[in-house]
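**Student:** Mind looking over this structure? Questions follow.
The values are calculated or read from the model by the stated rules, or taken from the named source; none is laboratory data. Treat the numbers as computed from the prediction; the structure is a model and nothing was measured. When we count neighbours, we look across all protein chains shown, and the Cβ atoms used for this are built from the backbone with ideal geometry, even at glycine. Calculation scope for accessible area: heavy atoms of the full protein, side chains included, ligands and nucleic acids excluded. Shrake-Rupley method; radii C 1.70, N 1.55, O 1.52, S 1.80 Å.
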Amino acid sequence: MRVGRLIVLAAALFGSAVLAQVPVTPTAVVTPTPVLAAPPTPVPAGSHELNSTDVGAWLDGYLPYALHNGDIAGAVVTVVKDGQVIAARGYGYADVAKRRPVDPARTLFRPGSTSKLVTWTAVMQQVEAGKLDLDTDVNRYLDFKIPPRNGKPVTLRQIMTHTGGFEEVLKNIIFYDPKINMSLEAYLKTWVPTRIFDAGTTPDYSNWATALAGYMVQRVSGMPFDDYVEQRIFAPLGMKNSSFRQPLPKALQADMAVGYERASQPPLGFEFVGPAPAGSLSASGLDMARFMISHLQQGRGILKPETAAIMHDSPLDRVDPMSLIPPLNRMELGFFETNINGREVIAHLGDTNNFHTSLHLFMKDGVGFYVSFNSAGREGAAHVVRAQLFQDFADRYFPSTIRDGRVDAATAREHAKAMVGHWEVSRRSVTNFINILNLVGQVNISVDDKGELVIPSLKGPGGAVQHWDEIAPFVWRDRNGHDRLAAKLVDGKPVRWSFDMISPFMVYDRVPAARSAGWLMPAMYASLGILLLTFLYWPVGWLIRRNYGARIAVTGAALKAYRATRIMALLVLGVLVGWATLLSVLFADVSNLNASASLWLWLLQIAGAVIFVGAVGIAAWNAWLTWRDGRRWTRKLWSVLVLLATLIVLYVASTYSLLAMTVDY
């Protein structure tokens, strides 16, 4: 399950030979009855025929090295074509310590947000049954209220296309302690996140809203969500090695793959997902193959063909053309596009702390591709391998015959220049302390000496910053890959952009000048320096006066203001250090984002409200006295700088919700 922005794990040395031998486990499989396939498409020159022999050999040559090099414990891959499983292979270890190999038929992986596809299928079943409506206010199906935004409610269609407008929810998203686990109803009713966008206007990925959809299925069906998916989806498809339950049923626990940050490090335990319908599935590779076949065959066994067609081909821009950025990939109803080489592909990706997954359906070709890893690996290697494996699979079996256009150099320079500035991602929190990430995480776009677009935060699989060539007006492609980037224009100016990997569910908008890191970050650094020097001058000045037997030049109220200013400078710095420490601990592992941090959050917010406001008052008092008493110009200037520094800190703290007085996030 994706949490917030793309997270690159901290680098460490590859310090173990636990993957000295990576077993490959191909498995003979039963093949569901295929539907009649269209006549085979002629194989383009330079491509390979997609069959069991070729894809098996290709995967066997690809993945063992990728696991070794990336410090990834294991992987499972299944490929389906025309209703049959043509590859089901396990690589590496489900349990490194026990040397238990990955078995694609039995070993359970956690597909993270790919679980959502099961939840969305359940929703569409209830739409098909007439118990849910895609375009009705969801409050009709709930026993608590989702407040309107600007007088408009949210609908299931908007939730399924991630345009409900909800801010990000991170508390209790993933954890290891079963005592934290709660029912779906309790999780949702703990806190209703604020809707920060009007419904249907902005792609804004939401795990919480997906869990809400699962709760609606639970209510209208009269069945607990876990029971529902087992009886209405898993049983009809023969998915016997799959479950949303947390912890797993005893019958499945022995087959659960162990999750690792890196294969060379100790395991981290079974991950509990708070918004369960959004990411708590555990499933074998073959079960996911059965699920893919069903959707490739128009929902066979679980949906009517007309319902499946709506789910697979209802892109958001048909409902609200202004919310998307053509020609980038779009959201369907639950699935999102990962079109490649001119092929229509719908998909979903998923990440927990330890498991990293992707599922892609080449709809017109009758082909499905699924891969899941049980480690993030060295420097997040699983993310890179996952993306490249899909792209390399497509290049091998469905090579492109499309040739990009090119914008002339002068126009390209002008368009790149128009993109310069600071941008913030739509998937974000606003009403709580997580908002501070929207300051430090702003994306800065610039141009190089050739006038070409430079986005340092977007890097290719090798870690180098991507180079973008403009192939159409305000549409760029990675010079060395498949990724496209495009901007939405208003009055001829770019106001929003995204790139193919995230465009269905996240976009970047320009940051208003009042919140731009372009000036706020330098101002904050300068303010911290001023406050630190202000405090340090106190003991240093005392030592100098003591050495020379001199007396301090101020007395009375001025002396009190002098001392109070330095005390407040230290306290401001102390609170900021406290925030930095807490944030580093919480985001070192998202499982730390739970109620155990609440006391520290309250202390820092209350202390900040008292100290940041108090510091401004004291600094203003000190500045007034300094100017009234006619002291040297250097002291007058410094008193103003100190006042400005405290104002900047207070402004940042209030603007970015460090004073929000809440532990809901």
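**Student:** Give the relative contact order (percent, whole number) for the chain; include only Cα pairs under 8 Å separated by 6+ residues.
**Tutor:** Relative contact order of the chain: 16 percent.
**Student:** Mind scanning Lys152/Lys189; Lys364/Lys459; Lys189/Lys250; Lys145/Lys240; Lys417/Lys459; Lys250/Lys304 and naming the pairs with a C-alpha gap bigger than 27 Å?
**Tutor:** Lys364/Lys459; Lys189/Lys250; Lys145/Lys240; Lys250/Lys304
**Student:** Compute the signed sum of charges (Lys and Arg +1, Asp and Glu -1) over the other residues within less than 15 Å, Cβ to Cβ, of Pro461.
**Tutor:** -2
**Student:** Can you give me the relative contact order of region 555-665 as a percent, contacts being Cα pairs under 8 Å and 6 or more apart?
**Tutor:** With pairs under 8 Å counted, the relative contact order is 34 percent.
**Student:** Over region 294-385, what is the relative contact order in whole percent, taking alpha-carbon pairs under 8 Å and six or more residues apart?
**Tutor:** Here the relative contact order equals 17 percent.
**Student:** In what sequence, highest mean first, do 279-286, 637-644 appear when ranked by Cβ atoms within 10 angstrom?
**Tutor:** Packing order, densest peptide first, comes out as 279-286, 637-644.
**Student:** Would you please classify the overall shape of region 331-483 from the alpha carbon gyration tensor, given that a ≥ b ≥ c denote the square roots of the eigenvalues, rounded means a/c under 1.5, and beyond that prolate means a/b larger than b/c while oblate covers the rest?
**Tutor:** oblate
**Student:** Taking the Cα centre of the chain as the origin and placing charges on Cβ (Lys, Arg +1; Asp, Glu -1), which of Ala376, Ser429, Val217 is farthest toward the positive end of the dipole?
**Tutor:** Comparing the listed Cα positions along the dipole, Ser429 ranks first.
**Student:** Report, to two decimal places, the Cα Rg of the chain normalised by 2.2 N^0.38 Å (N = number of residues).
**Tutor:** 1.07
**Student:** At 0.36 nm per residue, and after removing the present C-alpha to C-alpha distance, how many nm does the segment from Val420 to Ser183 gain when stretched out fully?
**Tutor:** 80.7 nm
**Student:** What spacing in nm lies between the two simple spin-label points modelled at Tyr65 and Asp408, each 7 Å away from Cα in the Cβ direction?
**Tutor:** 4.5 nm
**Student:** Let me ask you something else. Thr194's amide H: which non-local residues (gap 5+, or another chain) put their own amide H closer than 5 Å, with H modeled 1.01 Å from N in plane and none for Pro or chain starts?
**Tutor:** Sorted by chain and number, the residues that satisfy this are Glu167.
**Student:** Something else about it: Once you have the Cα-Cα distance between Thr555 and Thr662, take 0.36 nm times their residue separation minus that, and quote the gain in nm to one decimal.
**Tutor:** Contour length minus Cα-Cα distance gives 34.3 nm.
**Student:** For region 512-665, go through all pairs of different Cα atoms, get the mean of 1/r, take its inverse, and jot down that Kirkwood value in Å.
**Tutor:** Evaluated on region 512-665, it is 17.0 Å.
**Student:** Please turn the phi angles of region 262-269 into ³J(HN,Hα) values with the Karplus equation 6.51 cos²θ - 1.76 cosθ + 1.60 (θ = phi - 60°), one per residue in order, whole Hz, x for glycine and proline.
**Tutor:** The phi angles translate into 9, 4, 7, 10, x, x, 10, x Hz.
**Student:** From the alpha carbon gyration tensor of region 114-246, can you work out the equivalent ellipsoid semi-axes (sqrt of 5 times each eigenvalue) and give them in Å, largest to smallest?
**Tutor:** Equivalent ellipsoid semi-axes, largest first: 24, 19, 13 Å.
**Student:** Now for a separate question. Find out how many positive minus negative residues lie around Ile618, taking Lys and Arg as positive, Asp and Glu as negative, among other residues whose Cβ is under 13 Å from that of Ile618.
**Tutor:** +3
**Student:** Per-residue counts of other Cβ atoms within 10 Å, averaged by peptide: what ranking do you get for 140-149, 94-103, 612-621, highest first?
**Tutor:** Result, highest mean Cβ count within 10 Å first: 612-621, 94-103, 140-149.
**Student:** Given a Förster radius of 41 Å and the C-beta distance between Asp469 and Lys250 as r, what FRET efficiency does 1/(1 + (r/R0)^6) yield to the nearest 0.05?
**Tutor:** The pair Asp469/Lys250 has a calculated efficiency of 0.15.
**Student:** Whole-Hz ³J(HN,Hα) for each residue in region 175-187, computed from phi via Karplus 6.51 cos²θ - 1.76 cosθ + 1.60 with θ = phi - 60°, x for glycine and proline: what do you get?
**Tutor:** With coefficients 6.51, -1.76 and 1.60, one gets 7, 10, 7, x, 5, 7, 4, 9, 5, 4, 4, 5, 4 Hz.
**Student:** How large is ³J(HN,Hα), in whole Hz, for each residue of region 472-489 in order, when computed from phi with the Karplus curve 6.51 cos²θ - 1.76 cosθ + 1.60 and θ = phi - 60°, using x for Gly and Pro?
**Tutor:** 7, x, 6, 10, 10, 10, 4, 4, 10, x, 9, 4, 10, 10, 8, 10, 9, 10
**Student:** Can you give the net charge of the other residues whose Cβ lies under 9 Å from the Cβ of Gly259, counting K and R as +1 and D and E as -1?
**Tutor:** -1
**Student:** With the cut-off at 1.5 for a/c, could you classify region 174-243 from its C-alpha gyration tensor as rounded, prolate or oblate?
**Tutor:** prolate
**Student:** Pop the C-beta distance of Ala526 and Thr201 into the FRET formula with R0 = 45 Å and round what comes out to the nearest 0.05.
**Tutor:** Taking R0 as 45 Å, the efficiency between Ala526 and Thr201 is 0.75.
**Student:** Can you tell me the FRET efficiency between Ala580 and Asp491 if r is taken as the Cβ-Cβ distance and R0 is 56 Å, rounded to the nearest 0.05?
**Tutor:** Between Ala580 and Asp491 the formula returns 0.90.
**Student:** Give the carbon-plus-sulfur fraction of the accessible surface of region 232-274 in %, rounded to a whole number; probe 1.4 Å, heavy atoms of protein chains only.
**Tutor:** Percent of accessible area from carbon and sulfur atoms in region 232-274: 56.
**Student:** Turning to a different aspect of this structure: Could you sort the peptides 415-422, 113-120, 579-586, 269-276 by per-residue average Cβ neighbour count (10 Å cutoff), highest mean leading?
**Tutor:** 113-120, 269-276, 415-422, 579-586
**Student:** Out of region 469-558, which trypsin sites (Lys or Arg not before Pro) are coil in DSSP terms and have no more than 14 other C-beta atoms within 10 Å?
**Tutor:** In loop regions of region 469-558 (DSSP not H, G, I, E or B), the sparsely surrounded trypsin sites (Lys or Arg not before Pro) are Arg479, Arg551.
**Student:** Just to be sure I understand the rule: take each whole DSSP H helix in the chain, project its Cα atoms onto its long axis, keep it if the span is 30 Å or more and its mean Kyte-Doolittle hydropathy is at least 0.5. Which ones pass?
**Tutor:** 517-548, 556-588, 598-628, 633-655
**Student:** Then there's this: Using the heavy atoms of the protein chains and a 1.4 angstrom probe, tell me the accessible area per residue for the chain in square angstrom.
**Tutor:** So the chain comes to 41 Å² accessible per residue, rounded to a whole number.
**Student:** Let me ask you something else. Can you compute the modelled spin-label distance between Lys636 and Lys145, with each label point 7 Å from Cα toward Cβ, in nm?
**Tutor:** Label-label distance for Lys636 and Lys145, simple model: 5.8 nm.
**Student:** Separate question: Classify region 206-355: rounded, prolate or oblate, from the alpha-carbon gyration tensor (a ≥ b ≥ c, eigenvalue square roots; a/c under 1.5 rounded; otherwise prolate if a/b is larger than b/c)?
**Tutor:** Prolate shape, in that a/c is at least 1.5 and a/b is the bigger ratio.
**Student:** Roughly speaking, what is the centre-to-centre gap between region 338-357 and region 151-169 when only Cα atoms are used, to the nearest Å?
**Tutor:** 22 Å
**Student:** Between region 495-566 and region 203-263, how far is it from one alpha carbon centroid to the other, in angstrom?
**Tutor:** Here the two parts' Cα centres lie 48 Å apart.
**Student:** Run the quick spin-label model on Arg545 and Tyr176: label points 7 Å from Cα toward the beta carbon, then report their separation in nm to one decimal.
**Tutor:** That separation, rounded to one decimal, is 5.3 nm.
**Student:** Also, I was wondering about something else. Sort out for me the Cα centre separation of region 425-494 from region 76-145, rounded to whole Å.
**Tutor:** The distance from the Cα centre of region 425-494 to that of region 76-145 comes to 31 Å.
**Student:** In terms of the ratio Rg/(2.2 N^0.38 Å) built on C-alpha atoms, what value belongs to region 324-378?
**Tutor:** Taking the Cα Rg and dividing by 2.2 N^0.38 Å, one obtains 1.27.
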